[in-house]
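First up is the structure itself, then whatever we jot down about it.
The values are calculated or read from the model by the stated rules, or taken from the named source; none is laboratory data. Remember, predicted model here, so these are calculated numbers, not experimental data. All Cβ positions, glycine included, derive from the backbone under ideal geometry; neighbour counts span all protein chains shown.
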Amino acid sequence: MAGSRPDPEVEERTRQHHLLFWLAWWASLFVGWLLLVDTFQWEELLVGVGAAAIAASVAVAVHRRGYIRFWPRAGWVRYVPYLAWTVVVDTGLLAVALWRRVLLRELVRGSTIRVPFYHGGDNGRDGARRALVNFSVSLTPNTFVLDIDPEGDTLLVHQLVSRPPDRLLERQRQLAAQHGVTLRDDKREDT
Amino acid sequence: MSVQTILVIALLTFGVAVELACCVGVLVMEDALDKLHYIGPAAIFGPLAIALAIVIREGLSQAGIKSLLTAGLLVTVNPVLTHATGRALYIRRRDHLEPEPQVTIFLLVGGGAPLVVATRDPLRQAILASFFGILLGILFFVLQAPDVALSEIVIGAVALPLMILLSLAKIRGGER
Amino acid sequence: MNAWLIAATVLLLGLIPCGVVMRRGRVVEALVGLQMAGVVQTLVLLLLAEGYHRPPFFDLALVLALLAFAGGLVFARMLERWV
């Protein structure tokens, strides 16, 4: 970071930011504590206040060092109903696969697909995108992420039932294409 | 039978059925990566159904809230674990890793020694010493020294316990 | 014998296939079995907590869910290259 003397105004804003961050953590943790102990005895409340304070301080310390950069876009919430629906559909696919394996005695094998994926940088937005894509793909039972390859700019996904990449993965491929990442094709390999 | 009871029984049946079906899935699918898929529905529909049943019965009391928290935790945590496990499998296959018995046996020997020392009762200690001797034998074998392993097994499995037991018998026979 | 305890008993049967996988499969397959067993055990604890009307058991289920997660991560990480 350039500059020898920290700008007092920037320092003040950073301090306020950290304070708000601490308060947000403290409040959430304290609510969690209340949910778990389910009592308003002052001893329990006191312990809760203290424990939440310690944990919030740790959170702020980590945040200040920048170890975890996670800053999702609010708009990504629109994927939630889609994910819920996909979970249901995927469970159906798995049920059919189980049926085929157990009752019809067919051989059922999954496969691995490579999806072009823009890795992005070490910042909050890209970090959040990587984490949430990983989470979403792994949440839906038919798919989970095997590996995110930073150099090759690919996402390795294992599917039990072969399906074309869904909306989420298509969006990631679009994003990758925008950033100039292409693969020969959607390579499908058998494990 | 009230509506509540019917609902609870329906949810429980559904939840348990999903879990059992997923256990069967984990058993019958051939490849490890294929087995991994079946933990997904088990960590989502089972917990939600059971937590919902508990909430219907208990309302949003301690029990209800904790059940929902547990279910929520399982749903949130499972994708992370599935990815981690899948990644481990993928890396092992890619790098052609075979299990390394050395590390495991070293850990067992390292953990077994304090266990033997910490046992107070001489008879029980004799048994543990015998078990430990066999562990050492396996360690020597894994380290490619079968002759030493053989000696250790003979001593550990027979000679040492015999000596200890005979001594104990003498001592205790004298007491009686 | 109430519905919850019956459900818990039936659910415990699910640990048998998991046990078979852990015993007979390869190391990586055993890890999958362990993960599945952890989920089943957490749910069994929930059902027992409700069946026996013991509020503290609910805490057990919560703790098990958390620790099974941590333990699973440890296993997965170690299996990647060290064991």
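Kindly evaluate residue A:108 against the criterion of being modelled with pLDDT of 90 or more, at the interface with another protein chain (Cβ under 9 Å from one of its Cβ atoms) and surrounded by 15 or more Cβ atoms within 10 Å (Cβ to Cβ).
Numbers: modelled with pLDDT of 90 or more: no; at the interface with another protein chain (Cβ under 9 Å from one of its Cβ atoms): yes; surrounded by 15 or more Cβ atoms within 10 Å (Cβ to Cβ): yes.
When the stated conditions are applied, residue A:108 does not pass them.
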- Item | Meets criteria (surrounded by 15 or more Cβ atoms within 10 Å (Cβ to Cβ) and modelled with pLDDT under 90) for residue A:126 | yes
- What about residue B:43, is it closer than 19 Å to residue A:139 by Cα, buried (at least 22 other Cβ atoms within 10 Å of the Cβ) and among the aliphatic types (A, V, I, L, M)? yes
- Query: Among all residue pairs at least 6 apart or on different chains, which show Cβ distances below 6 Å where the first residue, located in the stretch B:6-17, is more than 19 Å from residue C:14 (Cα to Cα) and the second is among the charged types (D, E, K, R) and surrounded by 15 or more Cβ atoms within 10 Å (Cβ to Cβ)?
  - Reply: B:8/B:57
- What number of residues in the stretch C:50-83 are in contact (Cβ under 8 Å) with a residue 24 or more places away in the chain and charged (D, E, K, R)? 1
- Item | Conditions (1) under 15 Å from the mean Cα position of the chain (by Cα); (2) at the interface with chain B (Cβ under 7 Å from one of its Cβ atoms); (3) surrounded by fewer than 19 Cβ atoms within 10 Å (Cβ to Cβ): number failed by residue C:19 | (2)
- What is the number of the single condition among (1) within 22 Å of residue B:73 (Cα to Cα); (2) of a type outside the set (A, V, I, L, M); (3) touching a residue at least 40 places away in the same chain (Cβ under 8 Å); (4) surrounded by 13 or more Cβ atoms within 10 Å (Cβ to Cβ) that residue A:28 does not meet? (3)
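Is it the case, given these coordinates, that residue A:162 is within 13 Å of chain B (Cβ to nearest Cβ), hydroxyl-bearing (Ser, Thr, Tyr) and under 13 Å from the mean Cα position of the chain (by Cα)?
Values: within 13 Å of chain B (Cβ to nearest Cβ): yes; hydroxyl-bearing (Ser, Thr, Tyr): yes; under 13 Å from the mean Cα position of the chain (by Cα): no.
Here the answer is no, as residue A:162 does not meet what is asked.
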- Task: State all residues of the stretch C:45-64 that are in a helix (DSSP H, G or I), more than 9 Å from chain B (Cβ to nearest Cβ) and either surrounded by 20 or more Cβ atoms within 10 Å (Cβ to Cβ) or out of contact with any helix residue (DSSP H, G or I) (no Cβ under 7 Å at 6 or more places or on another chain) (or both); if no residue qualifies, say none.
- Result: C:48, C:56, C:63
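Are any of the residues in the stretch A:38-52 closer than 30 Å to residue B:40 by Cβ and either away from chain B (no Cβ under 14 Å) or of a type in the set (S, T, N, Q) (or both)? Step through it out loud before you land on a result.
Here is the first cut: in the stretch A:38-52, the ones closer than 30 Å to residue B:40 by Cβ are none.
Among the residues of the stretch A:38-52, not one is closer than 30 Å to residue B:40 by Cβ and either away from chain B (no Cβ under 14 Å) or of a type in the set (S, T, N, Q) (or both), which makes the answer no.
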